[in-house]
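K.L.:
Please see the structure below; I have some questions.
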C-alpha cells in the first residue's frame, strides 16, 4: 500500500513511467471462492491469449460479483508486477477495478469484446 490518497490527485508522472505498466485484457476462465484470504476474495484464472497464457489473480470483488458471473467476462489487469503469495495462492496479475460509492470494487473492462492479450495504450 502507498500513502497516496485515493480520493485526491496523484503526484505528477511522465508517459514513460505509465508505459512501463503492462495492462492487458483477458477473459476469466475460472473463478472460485478464496476462503483462506484474510478479506473476502475470489481466485481467478484469466486467459490473456497465446503470448501470455492463463494467469492467476486474487481479487477482492465479492460484493458485486459471483464466480458464475465472472466466468467468460473480460477484465483488465497489470501483468508485469511481481507475483504475490496470498496464503496458499500465488497471485500473478493485478486485476483492476475502481471503488463504487461504498468503496466496493467494480471491475474495469472494455465496453466491447476485444482480443485477449490486447494491451492498453
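K.L.:
Could you please tell me which pairs satisfy a Cβ distance under 6 Å, a separation of 6+ or placement on different chains, a first residue in the range 3-28 that is at negative phi and part of a loop (DSSP other than H, G, I, E, B), and a second residue that is surrounded by 10 or more Cβ atoms within 10 Å (Cβ to Cβ) and modelled with pLDDT of 90 or more?
P.N.:
Close Cβ pairs (under 6 Å, with a partner that is surrounded by 10 or more Cβ atoms within 10 Å (Cβ to Cβ) and modelled with pLDDT of 90 or more) amount to 21/78; 22/79; 22/80.
K.L.:
For the range 31-47, indicate whether the set of residues that are loosely packed, with under 11 Cβ neighbours inside 10 Å and within 15 Å of the chain's Cα centre (by Cα) is non-empty.
P.N.:
No, the range 31-47 contains no residue that is loosely packed, with under 11 Cβ neighbours inside 10 Å and within 15 Å of the chain's Cα centre (by Cα).
K.L.:
Quick one: how many residues across the range 60-106 are more than 19 Å from residue 27 (Cα to Cα), surrounded by 12 or more Cβ atoms within 10 Å (Cβ to Cβ) and touching a residue at least 40 places away in the same chain (Cβ under 8 Å)?
P.N.:
Residues that pass the stated criteria total 5.
The values are calculated or read from the model by the stated rules, or taken from the named source; none is laboratory data. Treat the numbers as computed from the prediction; the structure is a model and nothing was measured. All Cβ positions, even for glycine, are placed from backbone atoms using ideal geometry, and neighbour counts span all protein chains on display.
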